[in-house]
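Bear in mind that the values in this text are calculations on the coordinates, not laboratory data. The structure presented is a predicted model; accordingly, all values stated were derived computationally and were not measured.
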Amino acid sequence: EAAGRACHKDPGPVSRGTQPRQVTQAFADSIHGTVLNKSGLIVAPTCTNCHRSHDIRGKQDPQSPVALVNVANTCGTCHQGVARQFHGGVHASMVKSGKEDAPACQTCHTSHNIGRSDEAGWQLAVINQCGTCHADRLATFRDPFHGQVTTLGSRSVAECADGHRPRD
């Protein structure tokens, strides 16, 4: 127990990554933090669900639960259906082939400020995220009616995920 207290007093492990307050606030504002803190859903994931308790490894370590090759399985412990969709798609094959900039869960949902994919704000913002890899498609989407209306903030028209399965 004394060793545990000594470890938790050491700000080093967390401060080597993102600043602790930024991570804490981002998590608190995320869907996971909201359902935990405001709704009392005690099965909501916390830091240790993704980062473990004592075997904490950076995302560059292939053994880390948050490494690109593992993150879909980590998220899939709770989001099993979504993980199955992802594993059957082209994005997963990019990850498996070792492509370092392949998209996975955290690409669209971020690591700590995880948004609800059923909210209009997230749906409108993710269009730009799709465009980071699919710039040619984003350009052709932005020009016609659907793209112009979504640029103005409307979610009442089609967007990328309506015509394409985003987890593929």
Quick one: Karplus J couplings for segment 118-127, per residue in order, coefficients 6.51, -1.76, 1.60, θ = phi - 60°, nearest Hz, x for Gly and Pro? 9, 9, 4, x, 5, 4, 6, 5, 5, 4
HN-Hα couplings for segment 108-116 via Karplus (6.51, -1.76, 1.60; θ = phi - 60°), in whole Hz with x for Gly/Pro, come out as 8, 9, 6, 7, 10, 9, 6, x, 7
May I ask you to evaluate 6.51 cos²θ - 1.76 cosθ + 1.60, the Karplus curve with θ = phi - 60°, for each residue of segment 76-87 and list the ³J(HN,Hα) values in order in whole Hz, giving x for glycine and proline? x, 4, 9, 9, 5, x, 5, 4, 4, 4, 4, 5
